[in-house]
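Here is the structure we will look at.
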Amino acid sequence: MNRRDFLKTAGLTAASFLMPNVQVWAKTAATAQNQAATNKLVVVFLRGAIDGLSVVVPYGDQRYYKVRNNIAIPTPGNELGALDLNGEFGLNPALAPLMPLWKNGSLSFILNTGSPDPTRSHFDAQDYMESGCPGKKSTSTGWLNRLLAQLPDNHSPVRALNIGTTTPRILQGPVASATFKAELRRRPTAIDNEVIASSFERMYEGRGDSLERAFLDGMDARTTINNKLSGEMMQANGGAVVANRFSAFGRQLGKLMSEEPKVQVAFVDLGGFDTHVNQGNGKGQLANHLQVLGKGLSDLAASLGETYSRTTILVMSEFGRTVKENGNNGTDHGHGNFIWALGGAVKGGQLLGRWDGLSDGALYENRDLPVRTDFRSVISSVAGDHLQLSSRQLQTIFPDFTPEKVPGILKA
């Protein structure tokens, strides 16, 4: 697919109009201009608050297993056990497609990251993380749009590319973005099929025994849980496609970016990570989404081809989840989490940030991972080094915030 066919058939829609007075690129060195013009940033947002402790597993901390009797990921070497990263932490086995990136040094994780705002509301937390202004509801633009305004204007209608169904908060603003409508698939469960469900009902109907009672109780519980959680989960997903329905996101995005060199930033969001009930461990609800996520990110790296060397991908979520499992074999809304960084410019194969363990004294409000590194500091470190943005430009992207340098994310 060449550029002309891409613009003609991809179904791109303008999300906003270019403003006439876009801020002039501040760098004066030609090398910085060239590097910023070709380097790219991709943001993958996991809506619903993914459980970071089921992604990067602190299997060396026995408290992890004491407070997660049913959902802990087993230690490396066991069935469905974590994939060892550094002798203390392991990767969820559902993310096995990402291990080659860890081993080749292009994947890392920044521990105990997130927003300083204490909200546990999906709506507010996502809004703050996308606007880049925690605690302020009046911000009208998204930080990725403000970042785009600081990059050289290559006059392309696809400078900013969104893969999804609607224009996300993070890309709202004066600089135009384009939305590529995702091709989705749906995988209903067997019990969702009305013919199968009615067949089971006829099978158990009229028995008057414990099996009929168990079946009816199970169906009632399923209906109750679905009704109770559907509204919250829809809000948690924020309009994003549920991960296990969008297995092709990596191939689609990688192909578009590799064949359209003027894409400077890209965004994709996935939902389904609000796991209050039956979260699972190495298999189950969360693992099903992680399998799609891991394969998709691996496909993205492969589909980018040589463009991968000039691309940094950040994966983030609005907040983390409770360290302890709840009474429904799930986890509740938490605070701190992990940010993933991958790409050819990433100095991978390492865990960054400050880790204090899982003792009550080390936790936020004795229940959640703390936020030791502000998410804006992570983004600023990447934008400064990878996109060659100045401190003044970073202030424009994140007003009223002074970032702390997060060393070691990118190669020197």
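Looking at the structure I just gave you, is G349 without any contact (Cβ under 8 Å) to a residue 12 or more places away in the chain and either of a type in the set (K, R) or surrounded by fewer than 21 Cβ atoms within 10 Å (Cβ to Cβ) (or both)?
Numbers: without any contact (Cβ under 8 Å) to a residue 12 or more places away in the chain: no; either of a type in the set (K, R) or surrounded by fewer than 21 Cβ atoms within 10 Å (Cβ to Cβ) (or both): yes.
No; evaluated as a whole, the condition is false for this residue.
Among the numbered criteria (1) assigned to a helix (DSSP H, G or I); (2) over 22 Å from D368 (Cβ atoms), which one does T141 miss?
With (1) assigned to a helix (DSSP H, G or I); (2) over 22 Å from D368 (Cβ atoms) applied to T141, the lone miss is (1).
Return the residue satisfying two criteria in turn: it lies in segment 163-185 and is touching a strand residue (DSSP E or B) at 6+ places or on another chain (Cβ under 9 Å), over 19 Å from Q264 (Cβ atoms) and assigned to a loop (DSSP other than H, G, I, E, B), and of such residues it is modelled with the lowest pLDDT.
If we filter segment 163-185 for residues that are touching a strand residue (DSSP E or B) at 6+ places or on another chain (Cβ under 9 Å), which is where we start, we get 163-168, 170-171, 175-182, 184.
If we keep only those that are over 19 Å from Q264 (Cβ atoms) too, we end up with 165-166, 181-182, 184.
Cutting the leftovers down to assigned to a loop (DSSP other than H, G, I, E, B) gives us 165-166, 182, 184.
Values: T165: 76, T166: 81, A182: 63, L184: 50.
Result: L184.
Please state which of the following conditions L270 fails to meet, knowing it meets all the rest: (1) in contact with an Asp or Glu (Cβ under 8 Å, 6 or more places away or on another chain); (2) hydrophobic (A, V, I, L, M, F, W, C); (3) touching a residue at least 40 places away in the same chain (Cβ under 8 Å).
The failed condition is (1).
Residue-wise test of (1) out of contact with any Gly (no Cβ under 8 Å at 6 or more places or on another chain); (2) in contact (Cβ under 8 Å) with a residue 40 or more places away in the chain; (3) β-branched (V, I, T).
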position: R68; (1), (2), (3): yes, yes, no
position: I73; (1), (2), (3): no, yes, yes
position: L95; (1), (2), (3): no, yes, no
position: L101; (1), (2), (3): no, yes, no
position: N104; (1), (2), (3): no, yes, no
position: I110; (1), (2), (3): no, yes, yes
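Look through segment 126-158, keep the residues that are of a type outside the set (A, V, I, L, M), surrounded by 22 or more Cβ atoms within 10 Å (Cβ to Cβ) and over 20 Å from A49 (Cα atoms), and return whichever of them is nearest to the chain's Cα centre (by Cα).
If we take residues in segment 126-158 being of a type outside the set (A, V, I, L, M), surrounded by 22 or more Cβ atoms within 10 Å (Cβ to Cβ) and over 20 Å from A49 (Cα atoms), then N145 is nearest to the chain's Cα centre (by Cα).
Going residue by residue through segment 291-312, is there one that turns out to be in a strand (DSSP E or B) and in contact with a Leu (Cβ under 9 Å, 6 or more places away or on another chain)?
Step one: list which residues in segment 291-312 are in a strand (DSSP E or B), which gives 311-312.
Among the residues that remain, those that are also in contact with a Leu (Cβ under 9 Å, 6 or more places away or on another chain) are: 311-312.
Scanning segment 291-312 turns up at least one residue that is in a strand (DSSP E or B) and in contact with a Leu (Cβ under 9 Å, 6 or more places away or on another chain).
The values are calculated or read from the model by the stated rules, or taken from the named source; none is laboratory data. Here the structure is a predicted model, which means the values were calculated and not measured. Cβ atoms come from the backbone with ideal geometry, glycine included; neighbour counts cover every protein chain shown.
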